[in-house]
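Input: a single structure, listed below in C-alpha cells.
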C-alpha cells in the first residue's frame, strides 16, 4: 500500500501557496516602502515551505525504506507525523511507551540517539551512526545511509 495524496490535500497545499502569494501582493500595494519587504517575506516563506516539504518527503521515504528492509509491518506509518515515531520504535525493537520519553525536552535527544543506534543495528550497520543523528549536517545523511546503503 503506497502513499496516496487525495485531491483535497493537494488543493489545500495549492490554496496555502496562493494565499501567501496574494497576501504578499496585497502588502506590496499598501505602500511603496513595504513592497520590497513584502516580496522578500513572501518569497522566503514559500522557499521555506518547499524546503520543509522536501525534507519531510526525504525522511518519510528513508524511514519507510528502512521499515521495508527490516520487514517491519505498517511501513506506511512513516508518512504520518506522530505515527512515524512509533514506526521507528518498532524498527528499533524498543517498547512503545518510550514515545512518552520523546516528549520530555532534553531526554528526547538521548532517546533519539538510542533509537537511531538501534535502527542502525537493525540494518547491520555500526551503532555509532545513531550518534551522528545529533550532529547538525550529518543528521541529514544518517537516514539516507541507513535506508539506501547496501
If you take the residues in segment 42-71 that are surrounded by 16 or more Cβ atoms within 10 Å (Cβ to Cβ) and over 19 Å from the mean Cα position of the chain (by Cα), which one is modelled with the lowest pLDDT? 42
What single numbered condition from (1) at pLDDT 95 or above; (2) surrounded by fewer than 17 Cβ atoms within 10 Å (Cβ to Cβ); (3) assigned to a helix (DSSP H, G or I) fails to hold for residue 95? (3)
Apart from one, (1) buried (at least 16 other Cβ atoms within 10 Å of the Cβ); (2) in a helix (DSSP H, G or I); (3) free of Cβ contacts under 8 Å to residues at least 60 places away in the same chain; (4) in contact with a helix residue (DSSP H, G or I) (Cβ under 6 Å, 6 or more places away or on another chain) all hold for residue 143; the odd one out is (3)
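Right, residue 37: in a helix (DSSP H, G or I), at pLDDT 60 or above, more than 14 Å from the chain's Cα centre (by Cα) and closer than 30 Å to residue 141 by Cα or not? Talk me through it step by step, then tell me what you get.
Details: in a helix (DSSP H, G or I): yes; at pLDDT 60 or above: yes; more than 14 Å from the chain's Cα centre (by Cα): yes; closer than 30 Å to residue 141 by Cα: no.
In short, no.
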Tally of residues being under 18 Å from the mean Cα position of the chain (by Cα), touching a residue at least 24 places away in the same chain (Cβ under 8 Å) and surrounded by fewer than 18 Cβ atoms within 10 Å (Cβ to Cβ) across segment 112-134: 1
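Any residue at all in segment 9-25 that is on the phi > 0 side of the Ramachandran plot, modelled with pLDDT under 95 and surrounded by 11 or more Cβ atoms within 10 Å (Cβ to Cβ)?
no
The values are calculated or read from the model by the stated rules, or taken from the named source; none is laboratory data. None of the values given here were measured: they were computed from a predicted structure. Cβ atoms come from the backbone with ideal geometry, glycine included; neighbour counts cover every protein chain shown.
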